[in-house]
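What follows is one structure encoded as structure tokens, with my remarks underneath.
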Amino acid sequence: MANARRVAHQNHKLTIFTANMPLPTTVLLASVLKPLDDTRMLGKFGRALASRLSTHVHVAGRLAPTPPNLPPNLHTHALLAGARFSMARVGAQWRYWQLLRQLNPNVVIVHAPELLPLTVLWRAVGRGRQFVYDVRENYALNIQTQRVYPAWARGLLASLVRKLETLAATKAAGLILAERSYADELPFATPARTILLENKYQPRTDETPALPTHRLPVPDEPLRLLYSGTISELNGVFEALEFARQLRQLWPSVHLTIIGFCQQPAQLVRLRTAVAAASGGVSLIGGGTLVPHAQVVQEIERSHLGLLPYRPHPSTARCVPTKLFEYLAHGLPMVVPPNPLWQQLVERYEAGVCLDFQQLGSSHTLTADFLVQLRRPFYPLGVPEEAFWASEAEKLHRLMDSIQ
């Protein structure tokens, strides 16, 4: 009897111990077009969630080189290896469904609207399944205004996406908005179930804190300009080329580096022609291939002046570009267009100058007065804390705590 009581007591203690241990949690982050090394999906969400106790994180997206030094509980899975517009995207849906069945995650964070139908279905056919929708863009607005799709299809696709998002929002455990403006633009983003996680900068674990560039070199020394991120006409890549050409008349040793991926083949052909015509004054990194984000960061660190020559457009007017946070976090002075939202951030930290890139051309050229603006000191108070992801990571952890 004494032995029986001892065993029961030991079992009782064991039960209490296991009840206080956190249960293993599996989280799946998924997109079709975002690469596996995507800065938001893997670099921010993935790494933050992998730091949680007893949590296994899986990232699914477009095939890309796996970033080095991933924690052992952070894994990647390729959903798409083909082109953006190809039948491979249909196969990506099948691979996503297979991954849901294989991993049986506790929580899925969906980073693309095209994965919402299968995610809603997966939630409906199982118990205790939760998903969160990360709204990275105002997709309906972008479809209607960016001319990526044929004109006859834009209205239909935009309406379909908006209805799909609205339905999914009623089933989701929460919504994440990448931009503050989406709270006003998206009718399905009800405040009670929505949080804002902006695209602020997440440093690498081995990254040395940046020292701001307080002053640019003098005009008889080399000046390295940078255009980084998505390469497109809408994002102002050709305005960047014109800016560099004109500035070279005043600052002979100007060199422009363009680094990123271009999704429009016709624009890439035009860009390569312009780069060749610049006679060594412009370098193109990537273009037709994806570029690891670590390489983009290296270019930011070695540059003197970052360019944000976006063309005025409804899809970007109320958004803060990721590169703006990246440049702020590295203390890189920048040139921004007259967008009130961006100007406010730049002026707050004395991080750059404003220029209407759309006025550059035969009727308007850069003058010596612009050089005077570039000679002013930048970042007098140092690199701003507001530029970093740490504050957003805390909000992500609180969201996960509330739904697990």
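General observations
- Criterion (crowded, with 18+ Cβ neighbours inside 10 Å and either of a type in the set (Gly, Ala, Ser) or on the phi < 0 side of the Ramachandran plot (or both)) met by exactly one of PRO67, PRO72: PRO67
- Only one of LEU324, LEU328, LEU341 that is closer than 30 Å to GLN144 by Cβ and buried (at least 21 other Cβ atoms within 10 Å of the Cβ): LEU324
- Selection count where residues are in a loop (DSSP other than H, G, I, E, B) and more than 15 Å from GLY260 (Cβ to Cβ), scope segment 296-307: 1
- Criterion violated by ALA210 - all others in (1) under 24 Å from ARG147 (Cβ atoms); (2) modelled with pLDDT under 95 satisfied: (1)
- Screening segment 137-183 for residues that are more than 18 Å from LEU115 (Cα to Cα) and assigned to a loop (DSSP other than H, G, I, E, B) and picking the one that is nearest to the chain's Cα centre (by Cα) gives GLU179.
- Annotation note: of GLY331, GLY281, GLY286, the sole residue that is under 18 Å from the mean Cα position of the chain (by Cα), among the small types (Gly, Ala, Ser) and modelled with pLDDT of 95 or more is GLY286.
- Considering segment 234-263, and only residues there that are closer than 19 Å to LEU33 by Cβ and in contact (Cβ under 8 Å) with a residue 60 or more places away in the chain, the residue that is surrounded by the most Cβ atoms within 10 Å (Cβ to Cβ) turns out to be ASN235.
- Taking segment 80-125 as the range and being polar (S, T, N, Q), surrounded by fewer than 22 Cβ atoms within 10 Å (Cβ to Cβ) and within 26 Å of LEU399 (Cβ to Cβ) as the test, the residues that pass are GLN102, ASN104, ASN106.
- Filtered residue count, segment 308-321, keeping only those that are of a type in the set (S, T, N, Q) and closer than 16 Å to ILE258 by Cα: 0
- Single unsatisfied condition, PRO338 versus (1) in contact with a strand residue (DSSP E or B) (Cβ under 7 Å, 6 or more places away or on another chain); (2) within 24 Å of ARG302 (Cβ to Cβ): (2)
- Helices (runs of 4 or more DSSP H) contained entirely in segment 308-404, each with at least 3 residues that are of a type in the set (A, V, I, L, M) and touching a Leu at 6+ places or on another chain (Cβ under 8 Å): 368-374
- Taken over segment 274-287, the criterion of being surrounded by 14 or more Cβ atoms within 10 Å (Cβ to Cβ) and among the small types (Gly, Ala, Ser) is satisfied by ALA274, ALA278, GLY281, SER283, GLY286, GLY287.
- Just one residue in the set HIS56, HIS75 is over 21 Å from HIS293 (Cβ atoms), modelled with pLDDT of 95 or more and not in a loop (DSSP other than H, G, I, E, B); that residue is HIS56.
- Any chance ARG136 is at negative phi and either in contact with a strand residue (DSSP E or B) (Cβ under 9 Å, 6 or more places away or on another chain) or charged (D, E, K, R) (or both): yes
- Neighbours by Cβ (under 6 Å, 6+ apart or cross-chain): first from segment 194-217, outside any loop (DSSP other than H, G, I, E, B); second among the charged types (D, E, K, R): ILE195/LYS395; LEU196/ARG180; TYR201/GLU326
- Within segment 361-404, tally of residues that are of a type outside the set (Val, Ile, Thr) and in contact with a Gly (Cβ under 6 Å, 6 or more places away or on another chain): 2
- Segment 20-53, residues that are within 14 Å of LEU396 (Cβ to Cβ) and assigned to a helix (DSSP H, G or I): ARG40, MET41, LEU42, GLY43, LYS44, PHE45, GLY46, ARG47, ALA48, LEU49, ALA50
The values are calculated or read from the model by the stated rules, or taken from the named source; none is laboratory data. Because the structure is a prediction, the values reported are computed rather than measured. Positions of Cβ are generated from backbone atoms using ideal geometry, with glycine treated the same way; all protein chains shown enter the neighbour counts.
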